[in-house]
Structure formats: structure tokens, C-alpha cells
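The values are calculated or read from the model by the stated rules, or taken from the named source; none is laboratory data. No experiment lies behind these values; they were computed from the predicted model shown. So basically every Cβ, Gly included, is an ideal-geometry build from the backbone, and we count neighbours across all protein chains shown. For the accessible areas, the whole protein counts, side chains as well, though only heavy atoms, and no ligand, DNA or RNA atoms are used. Shrake-Rupley method; radii C 1.70, N 1.55, O 1.52, S 1.80 Å.
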Amino acid sequence: MADDSQRNFRSVYYEKVGFRGVEEKKSLEILLKDDRLDIEKLCTFSQRFPLPSMYRILVWKVLLGIIPPHHESHSLVMKYRKEQYWDIHHALRVIRFINDSTPQVDVFLRIHQLESGKLPRNLAFPLEPEDEVFLAIAKAMEEMVEDPIECYWLVSCFVNQLNSKHKDSLQQLPKVLEQYLNIEDNRLLMHLKACAAMSKLPYDLWFKKCFAGCLPESSLQRVWDKVISGSCKILVFVAVEILLTFKMKIIALNTAEKITQFLENIPQDNTDAIVSKAVDLWRTHCGTPAHSV
């Protein structure tokens, strides 16, 4: 009993002085020492806790299937990933889709298009909405990941996950948002409906782009931890918490256009607190995940 109270005191102390997650980090390190990484346990950890920055990219790569669970295969598989990247990169240079001055995220897009059989006939073709989503996620990921080849595979596999595993769920999120906003703040919901704003909220930015271009890196990573490990529903609670946080500002606006414009460019100074509250709200409504939610 004394050990439990001492541990609880220590956890509270760590959190107060800015070392939240010290013991969680140790737990993750134990998981990462296994010869064969346990995907389910890594998902559960990522759902329950924010990933330590030093291990985040490794865990994302495993959960997205970029590298296999077996440690001894990691370097060999990344070698093949590198070769595949440069082979496609070379092919795109030969057909003059990219050159030395092509922005890195545009290179990523063209590689992804060629890989998925969706490369347009020529560069004059306008970008599709799904290409805009890819570019937004790529720009955000580029700020998080130094190595361009790692960055490409993370973007490509994350986008593929959104388009396959989460596709049906993502389409339902606007309705789910309305349900939870009704529970949390009916008056705010009524105002949004009165302004005809519910159908015009920035759903693409929030749900298709997973807040890329909306939240800064430190906040976005914590949201993506949850999505990559299996829960796209966290996106709803981030959206709800944004609406609750800026309630007074939103109620002062009386047109859908003004509300949408504000929500597309929210202040960046307290987004970490918004994400923390969103995670708490998610747990309140969905419970503490034993696996993915």
C-alpha cells in the first residue's frame, strides 16, 4: 500500500514539474526490447499515453507496417524501402514529372501517385481533392521527420490507412460531432445551426487532413498517435474541444462564412491544452481503451 501511494505521489510530482510520462516511457522501452514487437500492445500504449518523442517515429513505422515487428528485419526492410523510393524517383525524373527544383512534398505526391497507379498523364492536370489531403499531411509530416525517405513512407502509409481502415468511419464523423456537441453544449450547437454553419464547418481540414495545417506540430503529433494506433474518433473530440474553447468568439459571429473562416485559422497559442482536454473528453465518452477504439 505504501508502495502504491509512493508511486502515485511520484507520478503527480513528475506531472507537476513537467516530467509527465516518466514511468510510461519505461514501460514503452520494455515493449520495444522484445525481439518481436507486439503490435497490439503498442497500439494499446499509444491509445493510452502520448508517445515519447524519441520513440514516436519508430512506433509509427511499426504500426503503419513500414517495418515488420521483428527487430532483425528493420534495417533490411528500410534498405528495400530506400531502393524502392529512389527507383520511382528516378523514373519520375526520366519522364520529367520532377526535377531538382520540385518541392519535396510534391515529389512525395508524384511518387505516391505512381505507386498507386494514379499518376496523371501530364503536369497540367489539376490536383484532385485527395491530392490536396496528401500534400497537407506531407507538409505537416515534413516538419516532424528529418529523413525524406522515412517521411515519404510515413505519409504514404498514413494516407493509405486513412483511405482503407478509416474510410467509412471518417465519413460518419460530422454526424458524430453533432451528437457529442449536443451533449457538451446544446446552446452552441443551436447557434451553429441557426447560422447554417453545421454543414459548412471545416470538416476536410479536421477529418480528412487530420488537422494538418490546423494544429502545430507538438499538438498534431499527439492526435496522430491516436489515429495511427487505431482511433479516428479522437478527431471528433478535438473538433468538439476547439468549438468549446472558442465558444464566446463563435457565438459573437453571426454568419457561417465568418465562423468557418475563424475555425480554419484558430489561434495557435493554447492548442496543447485543447488536445489534452480532447483526450480527456474522448476517454469520458469512449472509456480508457484496452485496444483500439
(request) Give the Debye-formula value of log10 I(q)/I(0) at each listed q (0.15 Å⁻¹), with one equal scatterer per alpha carbon of the chain, two decimals each. (result) -1.23
(message) Could you order the peptides 43-56, 81-94, 129-142 from most to least packed, using the average number of other C-beta atoms within 10 Å per residue?
(response) 129-142, 43-56, 81-94
(message) I'd like the FRET efficiency for Glu115 and Lys193, computed as 1/(1 + (r/R0)^6) with the beta carbon distance as r and R0 of 45 Å, rounded to 0.05.
(response) 0.60
(request) Report the full-extension gain for the segment Ser101 to Ser169: residue separation times 0.36 nm, less the Cα-Cα distance, to one decimal in nm. (result) 20.7 nm
(request) Mind jotting down a quarter of the surface of the convex hull over the alpha carbons of the stretch 49-152, in square nanometres, one decimal? (result) 7.7 nm²
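When the helices in the chain are scored as -39500 (n - 2.57) per DSSP H run of 4 or longer and the sum is shared across all residues, what 222 nm value do you end up with, to the nearest 500 deg cm²/dmol? Mind showing how you got there, number by number?
Details: 15 runs with 194 residues, N = 293.
So the helix-based figure for the chain works out to -21000 deg cm²/dmol.
Determine, for each peptide in 273-280, 174-181, 99-106, 207-214, the mean count of other beta carbons within 10 angstrom over its residues, then list the peptides with the highest first. The partial results should precede the final answer.
Details: 273-280: 18.6, 174-181: 16.4, 99-106: 12.1, 207-214: 23.4.
Final packing ranking: 207-214, 273-280, 174-181, 99-106.
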(request) For the stretch 73-114, list log₁₀ I(q)/I(0) at each q in 0.21, 0.29, 0.30 Å⁻¹, using the Debye formula over Cα point scatterers of equal strength and ignoring solvent, two decimals each. (result) -0.65, -0.97, -1.01
(request) Please report, to one decimal in angstroms, the Kirkwood hydrodynamic radius of the stretch 222-279 built from all distinct Cα-Cα pairs. (result) 12.2 Å
(message) Checking a compactness column here: for the stretch 183-293, what do you get for Rg(Cα) / (2.2 N^0.38 Å), N being the number of residues?
(response) 1.04
(request) Report the extension gain between Glu132 and Leu76 in nm, rounded to one decimal, defined as 0.36 nm multiplied by the number of residues separating them, less their alpha carbon distance. (result) 16.9 nm
(message) Between Ala124 and Gln261, what is the label-point separation in nm under the 7 Å Cα-to-beta-carbon projection?
(response) 3.5 nm
(message) Sort Asp272, Asp185 by heavy-atom solvent-accessible area, probe 1.4 angstrom, most to least.
(response) Asp272, Asp185
(message) Using 23 Å as the Cα-Cα cut-off, could you pick out the over-long pairs in Lys165/Lys193; Lys175/Lys226; Lys118/Lys226; Lys208/Lys277?
(response) Lys165/Lys193; Lys118/Lys226
